[in-house]
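What follows draws every value from the coordinates through simple rules; no lab data is involved. Computed from a prediction, not measured in an experiment: that's the story for all the values here. Glycine also receives a Cβ, built like all others from the backbone with ideal geometry; neighbour counts cover every protein chain displayed.
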2 protein chains.
Amino acid sequence: MRGKMREPAADKVTAILETAAELFASKGYEATSMRDIAQGAGVSKSLLYHHFTDKYQIFTRITSQSGLGLNEAVARAIPKEASASEQLEIFMRTTADFFEENRLSWISASQEFWTSNEAQMSLQMKLRRDSFETMLRRILEEGVKRGEFQISDVRLAGRMILSSLNWMYRWYNPAGSRAARDIAGEYYRMIAFGITPRGEQG
Amino acid sequence: MRGKMREPAADKVTAILETAAELFASKGYEATSMRDIAQGAGVSKSLLYHHFTDKYQIFTRITSQSGLGLNEAVARAIPKEASASEQLEIFMRTTADFFEENRLSWISASQEFWTSNEAQMSLQMKLRRDSFETMLRRILEEGVKRGEFQISDVRLAGRMILSSLNWMYRWYNPAGSRAARDIAGEYYRMIAFGITPRGEQG
C-alpha cells in the first residue's frame, strides 16, 4: 500500500482516513467527532480541516474508495470465459477477500443510518452499489440461459447471495481460524448445490 | 394489539415505545433524544422520565420485547414431529413474519453500535440471541442425523441462513409486492435444493 517516495502530506491524509475508518467502525459515525479523528491520527485540528471540510467529507472519501475498489477488484478477478458457476464462486470469494482486506472501511460504509437513508447517499455511491448487484445478476442470468442454474427469481437469488456476504461484517472475526474467502467458498457450495442430498427430489 | 380496558398509563407507555422504535429505526439511537421521543409520543418530558430513567432503558425494553417475542413465536410455530426440512422452512418463514410484524423494533434492535459491541449487550439479550441460533442448529443437526441434510459445517450453514433473514431489514419494502415470509420461503428453497439443476453432480 505504501509508496516509496510518499509525500508527508499524503501520509497524513492516509493516517486521517485510517483513523476515521477505525472510529466510524467502532463508535459509529454519529458518535465520532472531528476532534477524535485529529487526536487519533496525531494531527492538529487545523491540519485536519485543511484537508477535509467536515466529517461527512471524510466519510464519503472512505466509502467511495472502498466501493470503487470492490467493484474493480471483483470485475478484474472474474475470467470472462469461465462457466457461470465458476464466475459466481469467484464473485463471492473475491468480495469476501476485499471485505477482509478493507474491513474497517467496509464497516464504516455499512453504517445503517447511511444505507437505510437513500436520500443521504450520493448518486455515485448508488450507481456503484447497483452496478455491483447488476454484475452478480448477469452471472446468474447467464447461468440460467446456459442451463447451469435453475433459478425462479434471479433478483432474489442475488439478494440472498449478497446478504450472506454483507452480513459477515457483523460477526466475522479476523483473528478466527477461517479466512473470509473460505467462508464465502462454503457459502457458494451451499447455494450452488443446496443442503439436501443430491439424490433427493428438489 | 390494543386491549379493551387498557389503562391510560399503559397507552402512554405503548406510545412512547412505538415512537422511540420509529425514531431509533429512522435516525439511529445516538441521534435520537429524550426530547424527540417525548414530542413524538405527545407526552411531557416529566411523564417520560416518570416511566423511563433514560434512553438506554427505553431501547432495552424495545429490543428485549422483540427478542423475546421472536424466540417464542418461532419455537411455538415449529411442529416437533415434522421433518427437519419442514422445520427449517417454518423456522425461516416464521422469523420473516415476525420481522414484518415488528419491523421498527427489529431495526432498532439491529443498530450496529449495539450488536457490534458485545460488551454493551445485556447477558439476557446475548442468551436470547444464542438460543435462537441454537434452535436453528438443532434443526440442522437433526436433519444431518436423519440423512435429510448433507452439511459439512452446520455452524456456517446456520450463519448463512440467519444472514439471509437478518439482512432483510436493510432492503425489505413493506409496501412491495412480496410478503417477507414468501421471500423467506424462496430463500429456503434455494438453500435446501441449491441453484444448480438437481440432475447435475454436487
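Relative contact order, whole percent, for chain B stands at 23, derived from Cα pairs under 8 Å and 6 or more residues apart. By the rule of a C-alpha distance below 23 Å, with chain neighbours fewer than 8 residues away ignored, the lysines paired with B:K80 are B:K145. Counting only aspartates and glutamates at least 8 places from B:K126 when in the same chain, those with an alpha carbon closer than 14 Å to its own are B:E118.
What residue among B:L140, B:L47, B:L70 has the largest mean-square fluctuation in a Gaussian network model of chain B, using Cα springs under 10 Å? Maximum fluctuation in the GNM of chain B, among the listed residues, is at B:L47.
In the assembly of identical copies, B:E141 has its label point, taken 7 Å from Cα in the direction of the beta carbon, separated from the corresponding points by 4.4 nm (ascending, one decimal).
Listed by chain and number, the aspartates and glutamates whose alpha-carbon sits under 15 Å from that of A:K55, ignoring those within fewer than 8 places in the same chain, are A:E18, A:E22, A:E30, A:D36. Peptides B:24-33, B:121-130 ranked from most to least packed by the mean count of surrounding Cβ atoms within 10 Å: B:24-33, B:121-130. Radius of gyration over Kirkwood radius for chain B, both on Cα atoms: the Rg/Rh ratio is 1.04. Between A:K27 and A:R138, the modelled labels are 4.2 nm apart [label points 7 Å from Cα along Cα→Cβ]. Peptide A:17-29 has a mean shielding of 2, counted as Cβ atoms of other protein chains within 10 Å of each residue's Cβ.
Sorted shortest first, the separations between the A:G42 label point and its copies elsewhere in the assembly read 5.7 nm; each point sits 7 Å from Cα along the Cα-to-Cβ line.
Here the stretch B:1-74 and the stretch A:36-87 have alpha carbon centers that stand 37 Å from each other. Please name whichever of B:F99, A:A157, A:Y188 sits farthest to the positive end of the charge dipole of the protein assembly as shown, dipole taken about the Cα centre and charges placed at Cβ: Lys and Arg +1, Asp and Glu -1. Going by the Cα projections, it comes out as B:F99.
Across peptide A:69-79, the average count of Cβ atoms from other chains found within 10 Å of a residue's Cβ is 0. Computed from Cα positions, the angle between helix A:180-193 and the longest principal axis of chain A comes to roughly 30 degrees.
Largest GNM mean-square fluctuation across B:G67, B:G42, B:G158, computed for chain B with C-alpha springs under 10 Å, falls on B:G42. Per residue of peptide A:143-153, the mean number of Cβ atoms on other chains within 10 Å of the residue Cβ is 3.
Restricting to DSSP H runs of at least four residues, report the calculated mean residue ellipticity at 222 nm for chain A, -39500 (n - 2.57) per run over all residues, nearest 500 deg cm²/dmol.
-22000 deg cm²/dmol
For B:S83, the distances from its label point to the matching points in the remaining copies are 2.7 nm, ordered from shortest, with each point set 7 Å beyond Cα toward Cβ.
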